[in-house]
1. Using the heavy atoms of the protein chains alone and a 1.4 angstrom probe, what is the accessible area of the chain per residue in square angstrom?
2. I need the P(r) histogram for the stretch 228-277: all alpha carbon pairs, bin width 5 Å from 0 out to the longest distance, whole percents.
3. Using modelled amide H (1.01 Å from N, peptide plane; none on Pro or chain starts), what sits under 5 Å from the amide H of GLY5, excluding residues fewer than 5 places away?
4. Return the loop-located GluC sites (Glu not before Pro) in the stretch 261-339 (DSSP other than H, G, I, E, B) with at most 13 other Cβ atoms within 10 Å of their own Cβ; answer none if there are none.
5. In straight Cα distance, which lysines are under 21 Å from LYS372, not counting same-chain residues fewer than 8 positions off?
6. Leaving ligands, DNA and RNA out of it, report the carbon-plus-sulfur percent of the accessible area of the stretch 1-138 at a 1.4 Å probe.
7. Ranking request for peptides 94-102, 230-238: highest mean number of other beta-carbon atoms within 10 Å first, then the rest in descending order.
8. What shape does the stretch 169-229 have by the C-alpha gyration tensor, where a ≥ b ≥ c are the square roots of the eigenvalues, rounded means a/c under 1.5, and otherwise prolate means a/b greater than b/c and oblate the rest?
Amino acid sequence: MIPYGRQDIQEEDILAVVDTLHSDFLTQGPKTSHFESAVKRYTGAQYAVACNSATSGLHIACLALGLGSGDILWTSPNSFVSSANCARFCGAEVDFIDIDESTGNLCLTRLSEQLERAKARGKLPKIIVAVHFAGQPCDLKGLSALRDRYGFKIIEDAAHAIGADFEGEPVGACNYSDMCVFSFHPVKVITAAEGGMVTCNSPELEKRMRRLVSHGVTRDPDEYLCQDEGPWSYQQTVLGFNYRMSDVHASLGLSQLRRLDQYVAKRNVLAERYDNALSLLPLTPLRQSENNINAFHLYVVVLDKKLDRLAVYNAMRAEGIGVQVHYIPIYKQPYYQRLGFSATYCEHTERYYKGCLSLPLYPAMDAKDQDKVIDILEKVVNNSRLHSCTGE
Ligand SMILES: *Cc1c(COP(=O)(O)O)cnc(C)c1O
């Protein structure tokens, strides 16, 4: 099976992990802070807090911004469930912003209208989680203009987008947002096996997040709230978690980060090759902005209405091509259905979801594998076209 995505582990990654295993620190050692420094350098952000997943990263980012019960968080329904769940972890409500079906990212026009209506009802969101779908940055400038107007905070869910670039600046620089969250799960652009990182430019947010990833405990006497017990002292000042990244994971992430630009370049070459090879088929790749660099975590096409997505999906899988669907709109999940969302809550997301298909894309993919995917897709699409013609 040619998978839709696959991690690329090289000898230098293995040596880096083995080196950490031989060291004095398996967790909470120097590798985690090296990894944080490397991500700060890469993105240009002033602060970076490592954690054990992007899901934990989204949770502590929301808590650091003070999200709690009575608050509302908005996000894109075309994402993994974590983008919305982070609000529920904090006891806040969730609402969804419909997408621009040509990019899969949240639609700023619909967002503006939704904000105006929410303002009239006194129910503005406290936080918007902006998902850079498939690795393509959202319009962060437009979003931050709306932030200035309506006073919400912006968390970038950049689980797909490390290595991407918004108008010449790396995603994660946080010039137009409050915080940015990366994932290092194996299907993502680079991996630490499991792991996440939150970048920001606010020392206060950094301090809060650092405390939350480690039980709400501080060892800094300046932050103590009651009497110092002595040199062995630590104080738990808030309720935190064990969301720390280990040095074993950090050493893998750090080693992978060295090849990030190479990976993104390769993903872009493969994406362009798909664009050219598929241009005559009844399907549309996601529209790309000229001003940005896409990290291409995913290569997504939207099949024309006359094609049956289920039939194409099954036929591709039967031929050993591991296509995928990103994403089942979050509001369709039983948990969100129980919260009262209609199963077809967002019109444009529904239209996109009916036709979307992710084709295999990973850095070790060679031209031969890609040609196989292209040939089989061509055959399958032409067959199902014949089918739907005779069926009509
Ligand atoms: C993978 C993913 C997450 C969660 O990442 P983990 O590191 O597995 O917790 C969050 N948001 C999006 C958009 C993702 O794709």
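The values are calculated or read from the model by the stated rules, or taken from the named source; none is laboratory data. The model shown is predicted, which means the values in this text are computed figures rather than measured ones. Neighbour counts run over all protein chains shown; Cβ positions are idealised from the backbone, glycine included. When the accessible area is computed, the model is the full protein with side chains, heavy atoms only, and any ligands, DNA or RNA have been set aside. Shrake-Rupley method; radii C 1.70, N 1.55, O 1.52, S 1.80 Å.
1. Solvent-accessible surface per residue comes out at 44 Å².
2. 4, 14, 11, 10, 12, 11, 9, 8, 7, 5, 4, 3, 2, 1
3. Under 5 Å from the amide H of GLY5 lie the amide H atoms of LEU361, each far enough along the sequence or on another chain.
4. Qualifying residues, ordered by number: GLU290.
5. Partners found: LYS266.
6. So the carbon and sulfur contribution to the accessible surface is 51 percent.
7. 94-102, 230-238
8. It is oblate, given that a/c is not under 1.5 and a/b is not larger than b/c.
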